[in-house]
Amino acid sequence: MQLTGEQLIGANRHRGTAGALNATNPTTGETLPPTFGAGTPADVNTACTLAAEAFDTFRAVSLEQRALFLEAIADGIVALGDTLIDRVMAESGLPRPRLEGERGRTAGQLRLFASIVRSGRFLSPTFDTALPDRTPPRPDLRSQMIPLGPVAVFGASNFPLAFSVAGGDTAAALAAGCPVIVKAHPLHLGASELVGHVIQQAVAAARLPQGVFSLLIDDAANTVSTALVQHPAIAAVAFTGSRRVGRILVDLAAHRPIPIPVFAEMSGINPVFLLPSALHQRADTIAQALIDSVTLGVGQFCTKPGIVIGIAGPAFDRFRAAAIASLEARSAATMLAPGIQHAYTRGLDHWQADTDVQLLSVGSPAAPNSCGGQPRLYATTARHFLQTPALLEEVFGPTALLIECSDIEELVTIANHLDGQLTATLQMDQPDTATARRLLPILERKAGRILVNGFPTGVEVSYAMVHGGPFPATSDSRSTSVGAMAINRFLRPVCYQNLPAALLPPPLQDENPLRLTRFIDGHDVPQNLSED
């Protein structure tokens, strides 16, 4: 399809008038056509009004219709073929195999949510049957989960498909029955329009209200973002990005006349703990796998391991030497944008200025004037790490900090010192079980996902996955932005007391027309209520 540089507001295309933006190829510095028009507060109001008008109709459509709608989006994204992949390559500098895999993940998570919708489990129909002869009598109580309302989704920089216009946040919100307004990421304007057009077509083909989806473009002053979060029609916000911007959105939402939740995934250093037996047995292989994970995607994964903690001794020395050799063999690669590369360089400069942080290893340099991220490995002591709050801050790029502890007690102290993380990893063997058991309750308080003998840069889209964690990893530790449970962010419970049968929603009707498993008087009941 031909890119136009226009916003998608409901069923219409609309060129923004607040300024001109272009995507840029980070590998070449080339400005990519077309020029996009930035939106205005009036555009935000139009999109939000359409979304509010669409909400009750959209949430009332059948589960099958909603599931087919999600599958149509997945099919449409795949059908774009090389048109989409070529554009994302140009806008991100990411290689084709990575993007083809990300396209598959994007389609896969849409299909996962379609299956979740069909099952109806997310509705959680629950019954407390009436007990009129009890003193006091108990009324008939029935509850279900309903969607919150229109959701504002902010596309991420590092996953231009899987965390973008039709990414996990959009898929979860649409699955819940919430209209979605996406603010396109300025790095991926062309890809956003291509995918947005697919969703717009799917809305029309499913005969859904046009306000189920809109795509807006922001200017450098973030006029659209501010107006979107503050609009009274918006019921929730989903964001993936920096802590600075996430905090701004959280504060904007909290100071509305009616505050709303912001589900912001922001930052983390994803600690890896090298326990003694594992390090003694597998120092070389752990080091190689660590550097693979640190440099994957030029270190631009939110789950990249940023700090590695071990106990001083010959095994840690072997690990450090192997990690140094592995990183020296790595080459600089194109980062997503000059701004991201500059932020990476600033983070490294802060470490370089710290006389108690040692530069251990440097990968091959980037080409002159390129947007390359050069891999680097640093080290410090546990004592200095514990005394330096700045070392808790994420450096987004292909680097990690090794932390040398004097003993197990110091390693445990570091675990307690950490703030909220998306992940925490234990490299351990059977003799390390007692230490791991000691660390586990600490890490449960600190992280959303705990791994053993792996590395966190692979995030499976599944039923059990948690991609979240305590602040500052996210703004709400009770949620996940990846996996089946992500739908729960956009739902709330409603209880119905003594409603006549004619008013009960289908999941709560005695006849169980949706054939759902329901929770009745404390028990899962797969059959009709009337058959009890």
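The values are calculated or read from the model by the stated rules, or taken from the named source; none is laboratory data. Bear in mind that the values here come from a model prediction, so they are computed numbers and not experimental data. Virtual Cβ from ideal backbone geometry, glycine too; neighbours counted across all protein chains shown. Surface areas here come from the heavy atoms of the whole protein model, side chains and all, with no ligands, DNA or RNA. Shrake-Rupley method; radii C 1.70, N 1.55, O 1.52, S 1.80 Å.
Can you tell me how much longer the chain between Glu100 and Ser277 gets when fully stretched, taken as 0.36 nm per residue apart minus their C-alpha distance, in nm with one decimal?
59.8 nm
Nearest 10 degrees is fine. How inclined is helix 314-328 to the longest principal axis of the chain, computing both from alpha carbons?
80
Please give the Cα centre distance for the range 301-365 versus the range 112-180, rounded to the nearest Å.
41
May I ask for the Rg/Rh ratio of the range 86-168, computed from Cα atoms with Rh as the Kirkwood radius, given to two decimals?
1.32
Carbon and sulfur together cover what percent of the accessible area of the chain at a 1.4 Å probe radius?
Answer for the chain: carbon and sulfur cover 55 percent of the accessible area.
Among Gly420, Ser119, Leu439, which residue has its Cα furthest toward the positive end of the charge dipole of the chain, with +1 on Lys/Arg Cβ and -1 on Asp/Glu Cβ?
Among Gly420, Ser119, Leu439, the one farthest towards the positive end of the dipole of the chain is Ser119.
With viscosity set to 1.567 mPa s at 4 °C, what whole-number translational diffusion coefficient in µm²/s follows for the chain from Stokes-Einstein and a Kirkwood radius over Cα pairs?
My calculation gives 53 µm²/s for D.
Going by the alpha-carbon gyration tensor, a ≥ b ≥ c the square roots of its eigenvalues, is the range 1-83 rounded (a/c under 1.5) or, if a/c is not under 1.5, prolate (a/b greater than b/c) versus oblate?
oblate
I'd like the FRET efficiency for Thr4 and Val245, computed as 1/(1 + (r/R0)^6) with the beta carbon distance as r and R0 of 35 Å, rounded to 0.05.
0.80
Report the Stokes-Einstein translational diffusion coefficient (µm² s⁻¹, integer) for the range 232-345, Rh taken as the Kirkwood radius over Cα pairs, at 20 °C with viscosity 1.002 mPa s.
Result for D is 127 µm²/s.
What is the distance in Å between the Cα centres of the range 442-468 and the range 266-282?
Cα centroid of the range 442-468 versus Cα centroid of the range 266-282: 14 Å apart.
Once the dipole of the range 298-363 is set up with Lys and Arg at +1 and Asp and Glu at -1 on Cβ about the Cα centre, which of Ala312, Gln352, Cys302 lies farthest towards its positive end?
Of the listed residues, the answer is Cys302.
Given charges of +1 on the Cβ of Lys and Arg and -1 on the Cβ of Asp and Glu, with all other atoms neutral, how large is the dipole of the range 1-104 about its Cα centre, in debye to the nearest 20?
140
How big is the dipole moment of the range 196-278 about its Cα centre under a simple scheme where the beta carbon of each Lys and Arg is +1, that of each Asp and Glu is -1, and everything else is neutral? Debye, nearest 20, please.
That gives the range 196-278 a dipole magnitude of about 120 debye.
With each pseudo-label sitting 7 Å past Cα toward Cβ, what's the Arg138-Leu386 distance in nm, one decimal?
5.2
Please give the contour-minus-distance gain from Glu328 to Ala79: 0.36 nm per residue of separation, less the Cα-Cα distance, rounded to one decimal in nm.
Working it through step by step, the gained length comes to 85.6 nm.
Can you give the charge dipole size of the chain about its Cα centre, rounded to the nearest 20 debye, using +1 on the beta carbon of Lys and Arg and -1 on the beta carbon of Asp and Glu?
Charge dipole of the chain: 240 debye, to the nearest 20.
Report the antiparallel proportion of the DSSP beta bridges in the chain as a percent, rounded to a multiple of 5.
45
Between Gln358 and Thr226, how high is the FRET efficiency from 1/(1 + (r/R0)^6) when r is the Cβ-Cβ distance and R₀ = 45 Å? Nearest 0.05.
It comes out at approximately 0.55.
Under a 1.4 Å probe, what is the accessible area of the chain per residue, stated in Å²?
Here the residues of the chain average 39 Å² of exposed surface.
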